[in-house]
1. So what J values fall out for the range 156-165 if you push phi through Karplus, 6.51 cos²θ - 1.76 cosθ + 1.60 with θ = phi - 60°, rounded to Hz, Gly and Pro as x?
2. Over the range 1-110, average the accessible area per residue using a 1.4 Å probe and give it in Å², no decimals.
3. Checking the a/c ratio against 1.5 first, then a/b against b/c, what shape does the Cα gyration tensor give for the range 77-207?
4. Quick one: which of 38-44, 154-160, 111-117 comes out on top by average Cβ neighbours within 10 Å, and what's the full order, highest first?
5. When the accessible area of the range 126-206 is split by element with a 1.4 Å probe, what percent falls to carbon and sulfur?
6. Just how much of Ser202 is accessible, in Å², when a 1.4 Å probe is used and the result is rounded to the nearest 10?
7. Pop out the ³J(HN,Hα) list for the range 50-66 in order, Karplus 6.51 cos²θ - 1.76 cosθ + 1.60 with θ = phi - 60°, rounded to Hz; leave Gly and Pro as x.
8. So which of Lys72/Lys127; Lys52/Lys74; Lys74/Lys127 end up more than 26 Å apart, counting from Cα to Cα?
Amino acid sequence: MIKEGETVQLSDGKNRFFLKVKKGEIFGTHKGNINHDDIIKTGYGGEVKTHKGHTFIVLRPTIHEIIMYGIKRKTQIVYPKDSGYITLKLGITDGMKVLESGVGSGGLTIVMANAVKPSGKIYCYEKEEKYIKNAYENIKLAGLEKYVEIKHQSLEMPLPENFFDAGFIDVREPWLFMENIKNSLKKGAPIGFILPTTNQVSRTVQALKENNFIDIQVVELLERHYKPVPDRLRPEDRMVAHTGYLIFGRKGW
């Protein structure tokens, strides 16, 4: 049985839709309308028909599917190939207080919020107010809004001192705010950054060293898909290659 307020995915193999179910409401598609009550009643793995007779399968969406196909993007997102690695590298887990700056459309926020539940929280600082509402709506679609707090604030402004267990920064010039970032982290806490160009990486690494961060690493992840045709298995013509350089370190002394 699906609970009211849960996010479901409707799929017919070609089209997919994401919605929060609510009793008495109707969801419209180009294949016809679907009653939310029918979705709730059929449960995950069941089938529902539109008023035109088109069939959709009701699926429990994964975090990956919500990020890649469900959320509305007003900015570039941190792709799952990077966000999963980031979450593991930072050791993000239940109960942690995590700093994020540059929430954008909330793709990475969703992954990290899923990791800190049920007793942790992601504290986001977003300079651009125009992105905040959309990010919240995307986080709500994933059902993780109670694990996220977004503030309209730049890293130039004071952050809670020695408050965060880990942090991730996605802003254009993080070296300008390195001292403020450092002061907000607990001693030994891991920190990460994502940047698109090598000159930005160089300046960030230099700032990390000047502020006595340790265990500094730079990595780039590439993702290559293959066409799932048994008799002609080969790579896809396109691949998700450079999405950004990842920089990691730990607060030293």
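The values are calculated or read from the model by the stated rules, or taken from the named source; none is laboratory data. Please read these numbers as outputs of a predicted model, since none were measured by experiment. Methodologically, a virtual Cβ is constructed for each residue, glycine included, from the backbone with ideal geometry; neighbour enumeration extends over all protein chains shown. Surface areas here come from the heavy atoms of the whole protein model, side chains and all, with no ligands, DNA or RNA. Shrake-Rupley method; radii C 1.70, N 1.55, O 1.52, S 1.80 Å.
1. In residue order, the calculated couplings are 5, 7, x, 10, x, 7, 6, 10, 9, 7 Hz.
2. About 50 Å² of surface per residue is accessible.
3. It comes out rounded by the Cα gyration axes.
4. The densest-packed peptide leads the list: 111-117, 38-44, 154-160.
5. 46
6. Counting only protein heavy atoms, Ser202 exposes about 70 Å² to solvent.
7. 7, 5, 9, x, 7, 9, 10, 8, 8, 10, 7, x, 7, 4, 4, 5, 4
8. Where the Cα-Cα span goes over 26 Å, the pairs concerned are Lys52/Lys74.
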